[in-house]
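Trainee: Sharing a structure here in structure tokens format.
No value in this document is a laboratory result; all are computed from the given coordinates. Please read all numbers here as calculations on a predicted model, not as lab measurements. FYI the Cβ positions are ideal-geometry reconstructions off the backbone, even for glycines, and counts take in every protein chain you see.
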Amino acid sequence: MPSSPQNGRLEIAVEVNGERMRRHVEVRKNLADFLRDDLGLTGTHVGCEHGVCGACTVKLNGRSARACLTLAVQADGGVVETIEGLTRSASISDLQAAFVALNAAQCGFCTSGMLVTASELLEQQVVLSREAIREFISGNICRCTGYHAIVDAIEQTMHSRAAR
Ligand code: FES
Ligand code: FES
């Protein structure tokens, strides 16, 4: 945590999607608002704003995290990856293609959070049952109730990576 707040703001040093930066942020600003409002990374969505829906999921130091429950100053010294960074790196291009092919995105509001959460699961390089996939993404709510297709897409990607 940085020190010396001035006018309710602190300077943080953070790496976001591979770019190191220093920014002055309000101590009460959450990470989702910092990413969206200060950095223009609007792929991180804000739904419930109290840790329930998962729409705001990003990676913080390699683990998925609720950006609405994380203060931006808590990311000081850390590494943040958003859906924009994951897309740019092409690290989940196969997963994104599976989402498109299997109609796993409807309105798309939950999709970025789903993809970020699923990316963490896929990094584990394990092949899991559908029930285990559902359990892993159970913190991400889809209001379009597209869970079946979402699990299909993750499962297909999991199996195709395992077969490489
Ligand atoms: S907006 Fe963060 S969990 Fe819903
Ligand atoms: S696709 Fe609409 S909320 Fe999930």
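Trainee: Determine ³J(HN,Hα), in whole Hz, for all residues of the range 128-136 in sequence, where each value follows from phi through the Karplus function 6.51 cos²θ - 1.76 cosθ + 1.60 and θ = phi - 60°; x replaces Gly and Pro.
Mentor: 10, 6, 4, 5, 5, 5, 4, 4, 5
Trainee: So, one more: Rounded if a/c is under 1.5, else prolate if a/b beats b/c, else oblate: with a ≥ b ≥ c from the C-alpha gyration tensor eigenvalues square-rooted, which is the range 1-105? Can you show the working numbers first?
Mentor: Working: a/c = 2.67, a/b = 1.79, b/c = 1.49.
Taking the square roots of the gyration eigenvalues as a ≥ b ≥ c, the range 1-105 is prolate.
Trainee: Using only alpha carbon pairs under 8 Å that are at least six residues apart, calculate the relative contact order of the range 1-136 and give it in whole percent.
Mentor: 25
Trainee: Another question, if that's okay. Going by average Cβ density within 10 Å per residue, which order do the peptides 70-80, 45-55 take, highest to lowest?
Mentor: 70-80, 45-55
Trainee: In nm, give the distance between the simple-model label positions of SER129 and GLN74, each being 7 Å from the Cα along the Cα-to-Cβ direction.
Mentor: So the label points at SER129 and GLN74 sit 3.3 nm apart.
Trainee: I'd like to compare 150-160, 6-16: which one has the highest average count of other Cβ atoms within 10 Å, and what's the full order after that? Let's see the in-between values first.
Mentor: Numbers: 150-160: 20.3, 6-16: 15.8.
Peptide ranking by packing, descending: 150-160, 6-16.
Trainee: Follow-up question, since we're still on this one. Which one of THR87, ALA101, ALA75 has its Cα pushed farthest toward the positive end of the charge dipole of the range 28-130, where Lys and Arg give +1 and Asp and Glu give -1 at the Cβ?
Mentor: After comparing all options, I get ALA101.
Trainee: How much net charge surrounds ASN103 when only other residues with a Cβ under 15 Å from its Cβ are counted (Lys, Arg +1; Asp, Glu -1)?
Mentor: Around ASN103, the surrounding residues sum to -2.
Trainee: Calculated from DSSP H runs of 4 or more alone, at -39500 (n - 2.57) each and per residue, what is the 222 nm mean residue ellipticity of the chain, nearest 500? It would help to have the intermediate numbers written out before the result.
Mentor: On the way: 5 runs with 52 residues, N = 164.
Here the helix-only value at 222 nm equals -9500 deg cm²/dmol.
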